[in-house]
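*Asks:* Structure below; questions to follow.
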Amino acid sequence: MFGVSAVSRVQQALDAAHASQASLNAFTFIDDDQALQRAEQIDARIQAGEYAGPLAGVPIGLKDLIDQAGRTTTCGSAFYRHEAEITAPVVARLEEAGAVIIGRTGLHEWAFGFSSENPHFGPVRNPWDPSTSTGGSSGGSGAAVAAGITPISIGTDTGGSVRVPAGLCGCFGLKTTHGRVPLEGVFPLVSSLDTVGPLADSIDNLEQAYRAMADEQQPLPTDFRAFRIGIPQPWYEMSPTDDEVATGFEEALDRLKELGHQVHPLQLPDAYPPGLIWDTIAEEVTEVHARFIAEGKPYGEDVAERLRDAEKVGPLQTQKAREWQAMIRSRFSDAFETVDLLVIPTVPVMRKEIGNDMLGGHHYRKVLSWFTALGSQTLCPSIAVPLAGTGSPPVSIQLMAPHNSELTLLGFGRTLESHGMIGFQAASRGLSNLGGQ
């Protein structure tokens, strides 16, 4: 498939992971022995004339809250050390497709944040500028792809944890429909919203990873003439978007129109963040961590504060939030009766300095999750794509579709990629040759 052996490809990725660790801190564990053993097995199968799968020998980074037999799941925490005996189904599916997990990627503690500035493992650093954040919570997965270490990494997304790192790191990211990819063996944040999805350096790699993870057999659609694309308002109009992102986004809208698509504002006045997002998740987050809190387990200051806030949300607030959530889902369902896709930026700004919690007068969580957390409430799939030629890192836009429309998003993305509108470039700053992919 790649003209090189699996061992060679995996060794190259392992070398790049080790070489980058001091500057990027993308991994919590680099799995030399097991990865090379799997690569040798794949090469043996190929040499025997067997088909080793669509991802044969492809090195992949795995977010460190997804179980892998024989390896420790830490969730980026100070104390949780789960020695997994069973591999999560999503990982088993990737391995059945021939993928090779080269290591476990760093994350925001417990996946409960958007910076991946982890107090226990250290901050994950952005390959475009190591003084800046990768976003989160799947920050290590974003860094591994952006630096060219792995062509694919796996993350989870509850409120933007695949899309935000994809946006800040300049790679592709797919937030899957809730329930489309199995969650067994994935430590929960908010089970009613949690999803698992890939980050990648191309639409093709994103598609191949998704197909394996979701056991997807259907072909990509190919007819994307005159798609109806809505710009949700006031969601976009009232956003804390900086000039760089706004300019890139407006140019992308013009390009979509040039390609023959119908692009127009779509009024969704009730769908305006933050709404009651926090109150929809607080009860579930509290339930997940209740035992650890009761035992006095140590949390980083950031996550500890958020857990204390979550405990304050009472049943009446939760019920009101559920009603709001149902309303939001109804509004988006109605919207997709009139448009095929929604388009918004992925993140409002392209840089968040490590150690600085404020962005333009707002807490970074509010800014970085502006275009992702609300969409997660709908359970719909979204794809984050980097706009070619727009910066370092490139501006990212997000396309959102009805439930179970991942193939539509991937097919449309492939079309945009073929027209040169979107595309991946490995990060600069002397890191672009780390993976040699």
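The values are calculated or read from the model by the stated rules, or taken from the named source; none is laboratory data. The model shown is predicted, which means the values in this text are computed figures rather than measured ones. Cβ atoms come from the backbone with ideal geometry, glycine included; neighbour counts cover every protein chain shown.
*Asks:* Keeping to the stretch 118-127, report how many residues are in a strand (DSSP E or B) and either surrounded by 24 or more Cβ atoms within 10 Å (Cβ to Cβ) or at positive phi (or both).
*Replies:* Applying the first criterion (in a strand (DSSP E or B)) to the stretch 118-127 yields 118, 122-123, 125-126.
Add one more test, that the residue is either surrounded by 24 or more Cβ atoms within 10 Å (Cβ to Cβ) or at positive phi (or both), and what stays is 118, 122, 125-126.
Of the residues in that region, 4 qualify.
*Asks:* Restricting attention to the stretch 253-303, which residues are closer than 15 Å to ARG329 by Cα, assigned to a loop (DSSP other than H, G, I, E, B) and of a type in the set (Ser, Thr, Tyr)?
*Replies:* TYR272
*Asks:* Any residue that is more than 20 Å from LEU107 (Cβ to Cβ), outside any strand (DSSP E or B), of a type in the set (Ser, Thr, Tyr) and at pLDDT below 95 - is there at least one of those in the stretch 176-183?
*Replies:* Of the stretch 176-183, the ones more than 20 Å from LEU107 (Cβ to Cβ) are 177, 179-180.
From what's left, outside any strand (DSSP E or B): 177, 179-180.
Checking which are of a type in the set (Ser, Thr, Tyr) leaves us with 177.
If we keep only those that are at pLDDT below 95 as well, we get none.
No, the stretch 176-183 has no match at all.
*Asks:* Could you check, for the stretch 71-81, whether at least one of its residues is out of contact with any strand residue (DSSP E or B) (no Cβ under 8 Å at 6 or more places or on another chain), at pLDDT 95 or above, surrounded by 15 or more Cβ atoms within 10 Å (Cβ to Cβ) and of a type in the set (D, E, K, R)?
*Replies:* no
*Asks:* Check off (1) surrounded by 24 or more Cβ atoms within 10 Å (Cβ to Cβ); (2) in contact with a Ser or Thr (Cβ under 6 Å, 6 or more places away or on another chain); (3) not in a loop (DSSP other than H, G, I, E, B) for PRO130 and give me the number that stays unchecked.
*Replies:* For PRO130, the exception is condition (1).
*Asks:* Next question, about the same structure. Output the qualifying pairs, or none if there are none: Cβ atoms under 6 angstrom, residues six or more apart or on different chains, first residue in the stretch 34-60 and free of Cβ contacts under 8 Å to residues at least 24 places away in the same chain and assigned to a strand (DSSP E or B), second residue surrounded by fewer than 14 Cβ atoms within 10 Å (Cβ to Cβ) and aromatic (Phe, Trp, Tyr).
*Replies:* none
*Asks:* Oh, and also: Would you check which residues across the stretch 140-153 are within 23 Å of THR73 (Cα to Cα), touching a Gly at 6+ places or on another chain (Cβ under 7 Å) and either touching a residue at least 60 places away in the same chain (Cβ under 8 Å) or aliphatic (A, V, I, L, M) (or both) and list them?
*Replies:* Here is the first cut: in the stretch 140-153, the residues within 23 Å of THR73 (Cα to Cα) are 140-145, 149-153.
If we keep only those that are touching a Gly at 6+ places or on another chain (Cβ under 7 Å) as well, we get 140-142, 144, 149-150, 153.
Those that are within 23 Å of THR73 (Cα to Cα), touching a Gly at 6+ places or on another chain (Cβ under 7 Å) and either touching a residue at least 60 places away in the same chain (Cβ under 8 Å) or aliphatic (A, V, I, L, M) (or both): GLY140, SER141, ALA144, ILE149, THR150, SER153.
*Asks:* Select from the stretch 316-337 the residues that are in contact with a helix residue (DSSP H, G or I) (Cβ under 9 Å, 6 or more places away or on another chain) and farther than 15 Å from ILE277 by Cα and list them in ascending order.
*Replies:* The one that is in contact with a helix residue (DSSP H, G or I) (Cβ under 9 Å, 6 or more places away or on another chain) and farther than 15 Å from ILE277 by Cα: PHE332.
*Asks:* Restricting attention to the stretch 174-193, does a residue exist that is touching a helix residue (DSSP H, G or I) at 6+ places or on another chain (Cβ under 6 Å), farther than 24 Å from ARG322 by Cα and surrounded by 24 or more Cβ atoms within 10 Å (Cβ to Cβ)?
*Replies:* Yes, there is a match, as at least one residue in the stretch 174-193 is touching a helix residue (DSSP H, G or I) at 6+ places or on another chain (Cβ under 6 Å), farther than 24 Å from ARG322 by Cα and surrounded by 24 or more Cβ atoms within 10 Å (Cβ to Cβ).
*Asks:* Residues that are among the hydrophobic types (A, V, I, L, M, F, W, C), over 24 Å from ALA111 (Cα atoms) and in contact with a Pro (Cβ under 9 Å, 6 or more places away or on another chain): which helices (runs of 4 or more DSSP H) entirely in the stretch 312-380 hold 3 or more of them?
*Replies:* Values: elements: 315-335, 364-368, 373-376.
Answer list for the stretch 312-380: none.
*Asks:* Among the residues of the stretch 215-234, how many are hydrophobic (A, V, I, L, M, F, W, C) and either buried (at least 21 other Cβ atoms within 10 Å of the Cβ) or in a strand (DSSP E or B) (or both)? Before you say what the answer is, go through the steps one by one.
*Replies:* Here is the first cut: in the stretch 215-234, the residues hydrophobic (A, V, I, L, M, F, W, C) are 220, 224, 226-227, 229, 231.
When the remaining residues are screened for being either buried (at least 21 other Cβ atoms within 10 Å of the Cβ) or in a strand (DSSP E or B) (or both), the result is 229, 231.
The qualifying residues number 2.
*Asks:* Could you grab the pairs with beta carbons closer than 9 Å, sequence gap of 6+ or different chains, first residue in the stretch 357-375 and more than 17 Å from TRP235 (Cα to Cα), second one hydroxyl-bearing (Ser, Thr, Tyr)?
*Replies:* ASP357/SER115; ASP357/TYR364; MET358/TYR364; TYR364/SER115; TYR364/SER133
*Asks:* I've got another one for you. Against the condition within 23 Å of the chain's Cα centre (by Cα), hydroxyl-bearing (Ser, Thr, Tyr) and at pLDDT below 95, how does TYR364 come out, does it pass?
*Replies:* On the way: within 23 Å of the chain's Cα centre (by Cα): yes; hydroxyl-bearing (Ser, Thr, Tyr): yes; at pLDDT below 95: no.
Spelling it out, it is not the case that TYR364 is within 23 Å of the chain's Cα centre (by Cα), hydroxyl-bearing (Ser, Thr, Tyr) and at pLDDT below 95.
*Asks:* Then there is this: Within the bounds of the stretch 396-416, is there any residue that is modelled with pLDDT of 95 or more, among the acidic types (Asp, Glu), part of a loop (DSSP other than H, G, I, E, B) and surrounded by 17 or more Cβ atoms within 10 Å (Cβ to Cβ)?
*Replies:* From the stretch 396-416, those modelled with pLDDT of 95 or more are 396-416; that's our starting set.
From what's left, among the acidic types (Asp, Glu): 406.
Within this subset, residues satisfying the condition of being part of a loop (DSSP other than H, G, I, E, B) are none.
No, the conditions are met nowhere in the stretch 396-416.
*Asks:* Mind checking which residues of the stretch 297-311 are in contact (Cβ under 8 Å) with a residue 12 or more places away in the chain, among the basic types (Lys, Arg) and farther than 17 Å from GLY136 by Cα?
*Replies:* Within the stretch 297-311, LYS297 is the sole residue that qualifies.
*Asks:* More than 17 Å from the chain's Cα centre (by Cα), over 12 Å from THR177 (Cα atoms) and modelled with pLDDT of 95 or more, is that true of LEU359?
*Replies:* Numbers: more than 17 Å from the chain's Cα centre (by Cα): yes; over 12 Å from THR177 (Cα atoms): yes; modelled with pLDDT of 95 or more: yes.
In short, yes.
*Asks:* Go through the stretch 325-351 residue by residue and tally those that are in contact (Cβ under 8 Å) with a residue 24 or more places away in the chain and either surrounded by fewer than 17 Cβ atoms within 10 Å (Cβ to Cβ) or on the phi > 0 side of the Ramachandran plot (or both).
*Replies:* Let us first name the residues in the stretch 325-351 that are in contact (Cβ under 8 Å) with a residue 24 or more places away in the chain, namely 325, 327-329, 331-333, 335-336, 338-351.
After this cut, where a residue has to be either surrounded by fewer than 17 Cβ atoms within 10 Å (Cβ to Cβ) or on the phi > 0 side of the Ramachandran plot (or both) as well, the list is 327, 329, 331, 333, 338.
Number of matching residues: 5.
*Asks:* Which one of the conditions (1) of a type in the set (Lys, Arg); (2) touching a Phe, Trp or Tyr at 6+ places or on another chain (Cβ under 9 Å); (3) under 23 Å from VAL162 (Cα atoms) does ARG45 fail to meet, given that it meets all the rest?
*Replies:* (3)
*Asks:* For GLU207, all conditions in the list (1) under 23 Å from PRO402 (Cα atoms); (2) surrounded by 17 or more Cβ atoms within 10 Å (Cβ to Cβ); (3) among the charged types (D, E, K, R); (4) more than 21 Å from the chain's Cα centre (by Cα) hold save one; what is the number of the exception?
*Replies:* For GLU207, the exception is condition (4).
*Asks:* Restricting attention to the stretch 66-85, does a residue exist that is under 21 Å from the mean Cα position of the chain (by Cα), assigned to a strand (DSSP E or B) and over 22 Å from ALA200 (Cβ atoms)? Outline the logic, then answer.
*Replies:* If we filter the stretch 66-85 for residues that are under 21 Å from the mean Cα position of the chain (by Cα), which is where we start, we get 66-68, 73-77.
Now narrow it down to the ones that are assigned to a strand (DSSP E or B): 66, 73.
Of the ones still in play, those that are also over 22 Å from ALA200 (Cβ atoms) are 73.
Yes, there is a match, as at least one residue in the stretch 66-85 is under 21 Å from the mean Cα position of the chain (by Cα), assigned to a strand (DSSP E or B) and over 22 Å from ALA200 (Cβ atoms).
*Asks:* Sort through GLU250, GLU287, GLU258 and tell me the only one that's closer than 29 Å to ALA310 by Cα and exposed (fewer than 15 other Cβ atoms within 10 Å of the Cβ).
*Replies:* Working: GLU250 fails: closer than 29 Å to ALA310 by Cα; GLU258 fails: closer than 29 Å to ALA310 by Cα.
It is GLU287.
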